[in-house]
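**Q** A single structure is presented below for examination.
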Amino acid sequence: MDANGEELAPAVRSILAAARDRAGGEERLSVDARSFPAAVADAEAEGRVPVIAEVKPTSPTTDGRRDDEPVDLARAMVDGGATAISVLTEPDHFGGTPESLARIREAVDVPVLRKDFIVQESQLDLVASDLILLIARFVDDLDALVTAAEERGFQPLVEVHTREELDRALEAGADLIGVNNRDLAQLEVDLDTFETIAPHVPDDVTLIAESGIGSAADVRRMREAGADALLIGSAIMDGDVTENVRRFTTA
């Protein structure tokens, strides 16, 4: 079950159980983060749709695995116009590693998001990144974890799926919010989720649409609904990542 006592899909339960057992870093990090809102503004000024392109070797919701060198993938995504790079560091279900993130962040000049299932403060200290994902559904004390992330210099991106989670994120002071179109109970994707929640997000929050974006039409739909940026994984990893990113950033 999640922090709200709700049932999760079996794959998600397995991911969360592993996350609760995973050790954190041994020393408290201090991060000099690259500004994601500034990167979004730069992309807009240059006429690009702001896209966070995701380096995701595999996942429970996709078939197969991609074993390209992660740094090469990230550089290719930046060449296609990616505003930021998301890197999975969850090892058991997504094939990610903190080492890959560290090498990618050294190799690119755009903000890098650490995407993982962080449930306790010490796990913030595993590897430096510019943004760090905090999933409201999985975190018992969201206020404390947002504060702990900010104290280290991270820009916390708080992921929500419901109005109740959005309210928790806003109460915790989040100014970067991602709406996940995927329901973690059934693993079903519905772009209506973003369209339902977006009108309730304050204008001074940077709003990101996540999951289920697979076409230029999806990009336009999310942008019209209020997305400042989009996080796209599988649709970019499937094929030529540079061309795929370019297709979305010019939609």
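The values are calculated or read from the model by the stated rules, or taken from the named source; none is laboratory data. Values in this document were obtained by computation on a predicted structure and should not be read as measured data. Every residue, glycine as well, gets a Cβ built from its backbone with ideal geometry; the counts of neighbours run over all protein chains shown.
**Q** Would you mind stating whether Ser215 is modelled with pLDDT under 95, small (Gly, Ala, Ser) and farther than 21 Å from Arg168 by Cα?
**A** Working: modelled with pLDDT under 95: no; small (Gly, Ala, Ser): yes; farther than 21 Å from Arg168 by Cα: yes.
Taking the combined requirement at face value, the residue does not satisfy it.
**Q** A further question follows. List the pairs whose first member sits in segment 228-247 and is farther than 22 Å from Phe194 by Cα and among the aromatic types (Phe, Trp, Tyr), whose second member is buried (at least 22 other Cβ atoms within 10 Å of the Cβ) and at pLDDT below 95, and whose Cβ atoms are under 7 Å apart, counting only residues at least 6 apart or on separate chains?
**A** Cβ pairs passing all conditions: none.
**Q** Just checking, which of Glu90, Glu164 is surrounded by fewer than 24 Cβ atoms within 10 Å (Cβ to Cβ) and within 15 Å of the chain's Cα centre (by Cα)?
**A** When all the criteria are applied, what remains is Glu90.
**Q** Right, Val31: part of a loop (DSSP other than H, G, I, E, B), of a type in the set (A, V, I, L, M), surrounded by fewer than 23 Cβ atoms within 10 Å (Cβ to Cβ) and out of contact with any Cys (no Cβ under 7 Å at 6 or more places or on another chain) or not? Lay out the reasoning, then the answer.
**A** Numbers: part of a loop (DSSP other than H, G, I, E, B): yes; of a type in the set (A, V, I, L, M): yes; surrounded by fewer than 23 Cβ atoms within 10 Å (Cβ to Cβ): yes; out of contact with any Cys (no Cβ under 7 Å at 6 or more places or on another chain): yes.
When the stated conditions are applied, Val31 passes them.
**Q** Here is a check on your reading of the model: is Asp204 touching an Asp or Glu at 6+ places or on another chain (Cβ under 9 Å), farther than 21 Å from Val146 by Cα and not polar (S, T, N, Q)? Spell out the reasoning first.
**A** On the way: touching an Asp or Glu at 6+ places or on another chain (Cβ under 9 Å): yes; farther than 21 Å from Val146 by Cα: no; not polar (S, T, N, Q): yes.
Here the answer is no, as Asp204 does not meet what is asked.
**Q** Give me the residue from segment 108-125 that is of a type in the set (A, V, I, L, M) and in contact with a Ser or Thr (Cβ under 7 Å, 6 or more places away or on another chain) and, out of that set, farthest from Arg34 (Cα to Cα). Spell out the reasoning first.
**A** Start the filter on segment 108-125 by keeping residues that are of a type in the set (A, V, I, L, M), which leaves 108, 110, 112-113, 118-119, 124.
Within this subset, residues satisfying the condition of being in contact with a Ser or Thr (Cβ under 7 Å, 6 or more places away or on another chain) are 110, 112-113.
On the way: Val110: 7, Val112: 8, Leu113: 10 Å.
Ranking the qualifying residues of segment 108-125, first place goes to Leu113.
**Q** Looking at segment 209-227, which of the residues that are in a helix (DSSP H, G or I) and either basic (Lys, Arg) or without any contact (Cβ under 8 Å) to a residue 60 or more places away in the chain (or both) is surrounded by the most Cβ atoms within 10 Å (Cβ to Cβ)?
**A** My answer is Met222.
**Q** Also: Here are Ala45, Ala74, Ala82, Ala107: which of them is touching a helix residue (DSSP H, G or I) at 6+ places or on another chain (Cβ under 6 Å), surrounded by fewer than 20 Cβ atoms within 10 Å (Cβ to Cβ) and farther than 22 Å from Ile135 by Cα? Walk me through how you get there before you give the answer.
**A** Details: Ala45 fails: touching a helix residue (DSSP H, G or I) at 6+ places or on another chain (Cβ under 6 Å); Ala74 fails: surrounded by fewer than 20 Cβ atoms within 10 Å (Cβ to Cβ); Ala82 fails: surrounded by fewer than 20 Cβ atoms within 10 Å (Cβ to Cβ).
Matching residue, one of Ala45, Ala74, Ala82, Ala107: Ala107.
**Q** Exactly one of (1) at pLDDT below 95; (2) more than 29 Å from Val78 (Cα to Cα); (3) touching a Leu at 6+ places or on another chain (Cβ under 7 Å); (4) of a type outside the set (Gly, Ala, Ser) is unmet by Val119. Its number?
**A** (3)
**Q** Is at least one residue of segment 142-152 under 17 Å from Ala53 (Cα atoms) and surrounded by fewer than 24 Cβ atoms within 10 Å (Cβ to Cβ)? Full working, then the answer.
**A** Step one: list which residues in segment 142-152 are under 17 Å from Ala53 (Cα atoms), which gives none.
No: zero hits.
**Q** Being farther than 11 Å from Leu124 by Cα, in contact with a strand residue (DSSP E or B) (Cβ under 9 Å, 6 or more places away or on another chain) and not aliphatic (A, V, I, L, M) is the filter here; which residues of segment 150-166 pass it?
**A** If the condition is that a residue be farther than 11 Å from Leu124 by Cα, in contact with a strand residue (DSSP E or B) (Cβ under 9 Å, 6 or more places away or on another chain) and not aliphatic (A, V, I, L, M), then Gln155, Glu159, His161, Glu165 are the ones that fit.
**Q** Which residue is surrounded by the most Cβ atoms within 10 Å (Cβ to Cβ), if the candidates are limited to segment 185-208 and must be more than 16 Å from Thr162 (Cα to Cα) and within 18 Å of the chain's Cα centre (by Cα)? Walk me through how you get there before you give the answer.
**A** Our first condition is that a residue be more than 16 Å from Thr162 (Cα to Cα); within segment 185-208, this holds for 203-206.
The next check asks that each one be within 18 Å of the chain's Cα centre (by Cα); those that pass are 205-206.
Working: Val205: 16, Thr206: 20.
So, considering only residues that are more than 16 Å from Thr162 (Cα to Cα) and within 18 Å of the chain's Cα centre (by Cα), the one surrounded by the most Cβ atoms within 10 Å (Cβ to Cβ) is Thr206.
**Q** Considering only segment 100-144, state which residues are in a helix (DSSP H, G or I), hydrophobic (A, V, I, L, M, F, W, C) and more than 16 Å from the chain's Cα centre (by Cα). So that I can check it myself, show each step before the final result.
**A** Quick first cut of segment 100-144, residues in a helix (DSSP H, G or I) only: 100-107, 121-126, 136-138, 142-144.
From what is left, the residues that are hydrophobic (A, V, I, L, M, F, W, C) are 101-102, 104, 107, 124, 126, 136, 138, 142, 144.
Correct list: Ala102, Ala107, Leu126, Leu142, Ala144.
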